[in-house]
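The values are calculated or read from the model by the stated rules, or taken from the named source; none is laboratory data. Remember, predicted model here, so these are calculated numbers, not experimental data. Glycine gets a Cβ as well: all are built from the backbone with ideal geometry, and neighbour counts include every protein chain shown.
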DNA sequence: GCAAAAGTGTTAGGATTACACCCATGT
DNA sequence: ACATGGGTGTAATCCTAACACTTTTGC
């Protein structure tokens, strides 16, 4: 879409036993969401709906494709965006990770052998909740608040939960939140981001005292415009300064 | 060996494209070591040594085996021990991760197709430097101080370096060090452990002040015996107490 | 002028750092 | 008696937590 790098066109052969699954977190200053897609199976003869549930997004990988590339491809298919924050967090490969009847039926109907183990490499990703298509592989896509996720297909509930833990741990130690903010942001936005993703409340004055110590959060000579209240000062995150001063972490351990 | 659980005898079929690699760290109060095995290849005709370098330990996994099981099996083969601390940290699957001539020759000589991508799930493990056999799959096994590791085969140098970073991060946040200490240990031993694994120096008085706050480090009414200096008080780590009081981490962020 | 969010300071308690000497034991 | 590591306290600085009111803007 608005990226300068061309996405490679894949012509290779897909690896049937190896996939990536992406837990895509979306943030909108109100809540943390995860991207789920509908999985509807209908009886071919009667046309009756057999089941209707939800999965994460994922895909098998091409033989000539790196794992990170495969995950980025899933994201690109969904959003048209490249260079989105993406982190590998765990690989899932229990021989019986697909055993429920619905899951086996779904695989069989999609031309796969339900008795063959599929190992899947889990990634999580973080983006702003806008910028996403509403369809993927012909299936409906929906944002779901993380607190309301239940009954996912396959072992996707496990994958989702581990991803959420990994994301929160990462946010406590590394400056990944800036992926979700505009170039210039206010301190209230930054605070809200931590509150929403970590699921906590923070004190405004203490929060500001803390970030004031972080030299890589640079106050600009610029304010919000057109807001119906006192306009806030804008800041930006200086990644170079951060890499230099890297001892002082965003240490939000609670 | 001294374990109550029987190790399953494997009769299944090995998966050729999927392996685990174990970065086995060994601690001995003097330094942190990593377990490496010699890889020697000789020309079948001339008997001349073609190359002689080092690899990590790893293995392909059985079709009916979970990833964690496969890693535990590698460890069992090396040590005869079960229930050793083992952590999955990253999966490596670049299509060109095996491209050097030595590596391709080695694979070919071992009945594998060097052009077929092998995805490997990386684990690290932590144990005391004794308790290890000197041979594995007919190859020599050696402990090497982590500072002196270089020129490993395949992409094992990358795997090793990422494992070391992951181990250190983990030690900063979770009580994994106790895996390496006897049931009853002294505070100097505990301090030494952190110093050796993290590669830092810590102040004795400050260290003790810090651990005094951790209620789950319980001082015993017992002292060292037979040492040529003032005998130290023994402590033990109460995991139940730890799980309860779990906010106060062993927060050794430097 | 009202609603809405921005912005600001103090105090008390706890944690961190830097630093040096005496103690109990085996040989 | 000596070598070896065990064990202890203080002061300065910094960080954390709790807590409430004034300011600036758009409408």
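For residue A:52, work out the one condition from (1) outside any loop (DSSP other than H, G, I, E, B); (2) touching a residue at least 24 places away in the same chain (Cβ under 8 Å); (3) away from chain B (no Cβ under 14 Å) it doesn't fulfil.
(2)
Which residues, taken from the stretch B:151-162, are at pLDDT 95 or above and loosely packed, with under 15 Cβ neighbours inside 10 Å?
Once the filter is applied, which keeps residues that are at pLDDT 95 or above and loosely packed, with under 15 Cβ neighbours inside 10 Å, the stretch B:151-162 yields only B:161.
Out of B:208, B:150, B:192, B:173, report the one residue that is free of Cβ contacts under 8 Å to residues at least 12 places away in the same chain and either away from DNA strand D (no atom under 16 Å from the Cβ) or over 16 Å from the mean Cα position of the chain (by Cα) (or both).
Residue meeting the stated conditions: B:150.
Quick grid of which residues meet (1) away from DNA strand D (no atom under 16 Å from the Cβ); (2) more than 14 Å from every other protein chain (Cβ to nearest Cβ); (3) under 26 Å from the mean Cα position of the chain (by Cα); (4) modelled with pLDDT of 90 or more:
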{"position": "A:139", "(1), (2), (3), (4)": "yes, yes, yes, yes"}
{"position": "A:164", "(1), (2), (3), (4)": "yes, yes, yes, yes"}
{"position": "A:167", "(1), (2), (3), (4)": "yes, yes, yes, yes"}
{"position": "A:186", "(1), (2), (3), (4)": "no, yes, yes, yes"}
{"position": "A:212", "(1), (2), (3), (4)": "no, yes, no, yes"}
{"position": "A:233", "(1), (2), (3), (4)": "no, yes, no, yes"}
{"position": "A:240", "(1), (2), (3), (4)": "yes, yes, yes, yes"}
{"position": "A:246", "(1), (2), (3), (4)": "no, no, yes, no"}
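Going through the stretch B:61-85 one residue at a time, which ones are touching a helix residue (DSSP H, G or I) at 6+ places or on another chain (Cβ under 8 Å) and within 14 Å of chain A (Cβ to nearest Cβ)? Quick ask: steps written out before the conclusion?
As a first pass, look at the stretch B:61-85 and keep what is touching a helix residue (DSSP H, G or I) at 6+ places or on another chain (Cβ under 8 Å): B:61-62, B:65, B:81-82, B:84-85.
Within the stretch B:61-85, B:61, B:62, B:65 meet the criteria.
Does residue A:147 satisfy being closer than 30 Å to residue A:220 by Cβ, surrounded by fewer than 17 Cβ atoms within 10 Å (Cβ to Cβ) and either assigned by TED's automatic domain parsing to the domain that holds residue A:55 or touching a helix residue (DSSP H, G or I) at 6+ places or on another chain (Cβ under 7 Å) (or both)?
No: the conditions fail for residue A:147.
Which of the residues belonging to the stretch A:56-66 are surrounded by fewer than 22 Cβ atoms within 10 Å (Cβ to Cβ) and within 15 Å of residue A:23 (Cβ to Cβ)? Break it down stepwise before answering.
The first filter runs over the stretch A:56-66 and keeps only residues surrounded by fewer than 22 Cβ atoms within 10 Å (Cβ to Cβ), leaving A:59-60, A:62-64, A:66.
Across the stretch A:56-66, the qualifying residue is only A:59.
Quick check on the stretch B:194-232: of everything there that is more than 11 Å from DNA strand C (Cβ to nearest atom) and touching a strand residue (DSSP E or B) at 6+ places or on another chain (Cβ under 7 Å), which residue is farthest from residue B:166 (Cα to Cα)?
Checked the stretch B:194-232; the qualifying residue farthest from residue B:166 (Cα to Cα) is B:222.
Please specify each residue of the stretch B:214-231 satisfying the condition of being in a loop (DSSP other than H, G, I, E, B) and within 10 Å of DNA strand D (Cβ to nearest atom).
B:224, B:227, B:228, B:229, B:230, B:231
Residues A:97, A:117: which one is in a loop (DSSP other than H, G, I, E, B), touching a residue at least 60 places away in the same chain (Cβ under 8 Å), closer than 21 Å to residue B:119 by Cα and within 14 Å of another protein chain (Cβ to nearest Cβ)? Break it down into steps so the answer makes sense when it comes.
Values: A:97 fails: touching a residue at least 60 places away in the same chain (Cβ under 8 Å).
Matching residue, one of A:97, A:117: A:117.
If residue B:126 passes every condition in (1) assigned to a helix (DSSP H, G or I); (2) surrounded by 15 or more Cβ atoms within 10 Å (Cβ to Cβ) but one, which one does it miss?
(1)
Select from the stretch A:224-240 the residues that are surrounded by 10 or more Cβ atoms within 10 Å (Cβ to Cβ) and closer than 18 Å to residue A:192 by Cα and list them in ascending order. Outline the logic, then answer.
Restricting attention to the stretch A:224-240, the residues satisfying the condition of being surrounded by 10 or more Cβ atoms within 10 Å (Cβ to Cβ) are A:224, A:227, A:231-239.
Correct list: A:224, A:227, A:231, A:232, A:233, A:234, A:235, A:236, A:237.
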